[in-house]
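Undergrad: One structure follows; several queries about it will come next.
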Amino acid sequence: MRKVVITAALVLAAFLLGRMLGPVPSASISSLEPAAKQSASELGNVAIDAEIVQAFNAQRGDLPVESAGIVTKLLADDRDGSRHQRFLIRLSNGHSLLVAHNIDLATRIDDLQAGDSVAFKGEYEWNAKGGVIHWTHHDPAGRHADGWLRHEGRVYR
């Protein structure tokens, strides 16, 4: 019970902080020098990051999101069905997510390393480990909103 109360208080604090600070302008991301590295708090959208935590706590998904995080771990590619480049990121509020980037439809980020900043636009799906960001690519069928990843000034869609 104590964990639930603490989690609820943290989510509320993140939400209120997001309301006070407002979103970080995304235009600043595209003007980065290719080698520039920034923290997730400089790139991330605090309000969206709080929404992701709320979605995680409510166990819901299908949430369109656009934010950024710091790569904490590179994982092996998922080669079952459509191939996906996989890595973990930490948001500005400390929440961890899996990014599953379809490399059958989009270009792989070959030079990705732990500690790198990655901006993303995609869809959040709940799982018990923090959630997954997917649809970080163009939908060739045109039935789903296009997403992308941005790393060191280059967009992968």
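The values are calculated or read from the model by the stated rules, or taken from the named source; none is laboratory data. Nothing here was measured: the structure is a model prediction, and the numbers come from that model. Using ideal geometry, Cβ is built from the backbone for each residue, glycine included, and neighbour counts are taken over all protein chains shown. Protein only, heavy atoms only, side chains kept; ligands, DNA and RNA dropped before computing areas. Shrake-Rupley method; radii C 1.70, N 1.55, O 1.52, S 1.80 Å.
Undergrad: Return only the number of the condition from (1) small (Gly, Ala, Ser); (2) open to solvent by 80 Å² or more (accessible area, probe 1.4 Å); (3) at pLDDT 50 or above that Ser31 does not satisfy.
TA: If we test Ser31 against (1) small (Gly, Ala, Ser); (2) open to solvent by 80 Å² or more (accessible area, probe 1.4 Å); (3) at pLDDT 50 or above, just (3) comes out false.
Undergrad: Here's another thing I want to ask about it. Do we find that Val132 is surrounded by fewer than 22 Cβ atoms within 10 Å (Cβ to Cβ), of a type in the set (Val, Ile, Thr) and either farther than 29 Å from Asn57 by Cα or in contact (Cβ under 8 Å) with a residue 12 or more places away in the chain (or both) in this structure?
TA: When the stated conditions are applied, Val132 passes them.
Residue-by-condition table, conditions (1) more than 16 Å from Trp135 (Cα to Cα); (2) modelled with pLDDT under 95:
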position	(1), (2)
Gln59	yes, no
Asp80	yes, yes
Arg83	no, no
Leu88	no, no
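Undergrad: Which residues, taken from region 135-157, are in a strand (DSSP E or B) and exposed (fewer than 13 other Cβ atoms within 10 Å of the Cβ)?
TA: Arg154
Undergrad: To continue, here is another question. What pairs come up if the first residue lies in region 58-86 and is closer than 16 Å to His101 by Cβ, the second is acidic (Asp, Glu) and open to solvent by 70 Å² or more (accessible area, probe 1.4 Å), and their beta carbons are under 6 Å apart, counting only those six or more places apart or on different chains?
TA: Ser82/Asp104; Arg83/Asp104
Undergrad: If you don't mind, there's one more thing I want to ask. Please go through region 87-102 and give me each residue that is under 22 Å from Asp146 (Cα atoms), open to solvent by 20 Å² or more (accessible area, probe 1.4 Å) and in contact (Cβ under 8 Å) with a residue 24 or more places away in the chain, ordered by number.
TA: Matches in region 87-102: Leu98 only.
Undergrad: So, in region 79-129, how many residues would count as being basic (Lys, Arg) and within 23 Å of Ala58 (Cα to Cα)?
TA: 3
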